[in-house]
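Below is one structure, written out as structure tokens, with a few remarks after it.
The values are calculated or read from the model by the stated rules, or taken from the named source; none is laboratory data. Just so we're clear, the structure is a prediction, and the values are computed from it rather than from any experiment. Please note: Cβ atoms are built from the backbone with ideal geometry, for glycine as well, and neighbour counts cover all protein chains shown. Just the protein is used for accessible areas: all its heavy atoms, side chains included, with ligands, DNA and RNA removed. Shrake-Rupley method; radii C 1.70, N 1.55, O 1.52, S 1.80 Å.
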Amino acid sequence: MADFTFNGYACSLRYPAVMGILNLTPDSFSDGGEFLDPDRALEHVQMMVEQGAQIIDLGAESTRPGSDPVSEQDELSRILPVLEKLPKDQFLLSLDTTKPAVAQAALQAGIHLINDVSGGNPELLALASRYQAGFILMHAQGKPKTMQNQPSYQNVVEEVGDFFDSKKEILAKSELPKVWMDPGIGFGKSLDHNLELMSNLKSLTDDSWGLLLGSSRKSWIDHLCGAPHPLDRLGGSIASAVLGVQQGVEIIRAHDVRETVQALETTMVLARS
């Protein structure tokens, strides 16, 4: 258990924590279009919290491979109607965005965490610092549109680790209440790169940050096991979540909250027995 105050909300996190995914997009790879209606989105949030999610991650711009960016106005028009109706003192709310203007509007509306898949945008860090929000910083090679076009590394684990280390100074200066690093499974990585990272997550841990793992339903599971449809990747998603927690990951970002919470609770009990 760890105690924090994020953007004025004092809370406790029980590790490992599950972050439930809320895609407010028409084109996300797994559930695009399902939650564009604000009432449907709110119902889904309630369900994920009841199933054990301690964090809800809202995203209104798909970052799947091959995706195109959307405008600030489109992003805000999808996020704010949902965010304004969500309680700000019952569970943590995270915003998946790369745009400072979108982040600022969401922080003013009470969001607690900024989830930056662009790798530590200084403007996003400054905003998080100003509002004393938590921050998630993800590694990616390239932009979503082209990131899976022949990603290349000499040593992916060392290079991701070096990238995280390169952020230590600016993170220290930002004086954020808590930072999590995300190795970016599927973001500019081949299957072999993803497997190398999954096998060496422990080496990416550091006293300066926690680790977040977002491997749920991603195409690496299809490439490994043969599961073309995202909804058929539950087993691989849970296996990766368990492996991550065994290596010190604090937060698992997941589509299937109930099953992931059950798997992690069982893993923790067995590890103690």
Whichever residue in the range 46-63 is surrounded by 22 or more Cβ atoms within 10 Å (Cβ to Cβ) and aliphatic (A, V, I, L, M) and, among such residues, is farthest from LEU92 (Cα to Cα) = ALA60
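Based on this model, can you work out whether ASP89 counts as of a type in the set (Asp, Glu), modelled with pLDDT of 95 or more and on the phi < 0 side of the Ramachandran plot? It would help to see each step written out before you state the result.
On the way: of a type in the set (Asp, Glu): yes; modelled with pLDDT of 95 or more: yes; on the phi < 0 side of the Ramachandran plot: yes.
Here the answer is yes, as ASP89 does meet what is asked.
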The range 132-161 - residue that is part of a loop (DSSP other than H, G, I, E, B) and of a type in the set (A, V, I, L, M) and, of those, nearest to MET19 (Cα to Cα) = ALA133
Screening GLY134, GLY110 for residues that are touching a residue at least 40 places away in the same chain (Cβ under 8 Å) and on the phi > 0 side of the Ramachandran plot leaves only GLY110
Somewhere in the range 27-40, is a residue at pLDDT 95 or above, within 18 Å of the chain's Cα centre (by Cα) and open to solvent by 20 Å² or more (accessible area, probe 1.4 Å)?
-> no
For the range 160-175, does any single residue satisfy the condition of being of a type outside the set (Lys, Arg), in contact with an Asp or Glu (Cβ under 8 Å, 6 or more places away or on another chain), open to solvent by less than 50 Å² (accessible area, probe 1.4 Å) and free of Cβ contacts under 8 Å to residues at least 60 places away in the same chain?
-> yes
Specify the residue that is modelled with the highest pLDDT; the eligible residues are those in the range 67-82 that are open to solvent by 30 Å² or more (accessible area, probe 1.4 Å) and farther than 17 Å from PRO100 by Cα.
-> PRO81
Matching residues, the range 105-122, being crowded, with 18+ Cβ neighbours inside 10 Å, of a type outside the set (Asp, Glu) and not in a loop (DSSP other than H, G, I, E, B) = ALA105, ALA106, LEU107, LEU113, ILE114, ASN115
The condition from (1) among the polar types (S, T, N, Q); (2) part of a loop (DSSP other than H, G, I, E, B); (3) in contact (Cβ under 8 Å) with a residue 24 or more places away in the chain that SER129 misses is numbered (2)
Would you be able to say whether some residue in the range 87-101 is touching a strand residue (DSSP E or B) at 6+ places or on another chain (Cβ under 7 Å), open to solvent by less than 60 Å² (accessible area, probe 1.4 Å) and of a type in the set (Lys, Arg)?
-> yes
Please work out which one of (1) of a type outside the set (Ser, Thr, Tyr); (2) farther than 27 Å from VAL102 by Cβ; (3) at pLDDT 95 or above is the condition GLN150 fails and give its number.
-> (3)
